[in-house]
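The values are calculated or read from the model by the stated rules, or taken from the named source; none is laboratory data. A quick note: this is a predicted structure, and the numbers were derived from the prediction, not measured. Quick reminder, even Gly has a Cβ in these numbers, built from the backbone with ideal geometry, and neighbours come from all protein chains shown. When the accessible area is computed, the model is the full protein with side chains, heavy atoms only, and any ligands, DNA or RNA have been set aside. Shrake-Rupley method; radii C 1.70, N 1.55, O 1.52, S 1.80 Å.
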Amino acid sequence: MEAKLLIQETTVVVFVLGGPEIESESENGTMIHNFKKEGKIVPSEITVKLLQQAMQQSDNNRFIIDGFPRNEENHAAFENIVKIKPEFVLFFDCPEEELTRRILNRNQGRVDDNIETIGKRLKVYFESTLPVINYYNSKGKVQKIDAQRSVDEVFEDVKSVFAKFKPVDRDD
């Protein structure tokens, strides 16, 4: 138990949020696939326990968690179960029209790359994820990136955010 606490005290987490544009395929099968197909969010307890397990099994103590937390329940569950608050939230800000265009143009043959599911996912994003971004913004934790620009310009902004990031001493 002591080793677990030591890991948590020295662990640094950065959340990465933006519109539902890019997601990696999950190994957690049919259940997660069905949630995605419906444009819904996987239950917080499942997501947080998977994240916690991956973090505990890692030799690293710094984590970038992409696409999480997607709602207030995710946010609360992570902080209550894992007991870590993010150093900052990297927010990729992009207009709805551009998000829709990019998703439709990625042509990956995914079941959730259709206009109906995209609409559902964007609705969930605006209703559920933006309040989380606003919460972290009120805490001074959001680093906002204009994601409608070129990949190179966005990458330069991301590099500059991480360049000014200094891990904090958690002994205080």
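Scanning segment 99-138 for residues that are closer than 23 Å to residue 155 by Cβ, free of Cβ contacts under 8 Å to residues at least 60 places away in the same chain and open to solvent by less than 40 Å² (accessible area, probe 1.4 Å) turns up just one, 100. Contact map, segment 43-61: first residue under 16 Å from residue 10 (Cβ atoms), second residue hydrophobic (A, V, I, L, M, F, W, C) and part of a loop (DSSP other than H, G, I, E, B), Cβ cut-off under 8 Å, separation 6 or more or different chains; pairs are 52/82; 55/82.
A single member of 91, 78, 63 is at pLDDT 90 or above, touching a Leu at 6+ places or on another chain (Cβ under 6 Å) and surrounded by 13 or more Cβ atoms within 10 Å (Cβ to Cβ), and it is 91. Residues to consider are 121, 101, 110; find the one that is closer than 16 Å to residue 66 by Cβ and not hydroxyl-bearing (Ser, Thr, Tyr). From the options 121, 101, 110, the qualifying one is 121. Test residue 129 against the stated conditions and say whether it is more than 22 Å from residue 65 (Cβ to Cβ) and polar (S, T, N, Q). Answer is no for this residue.
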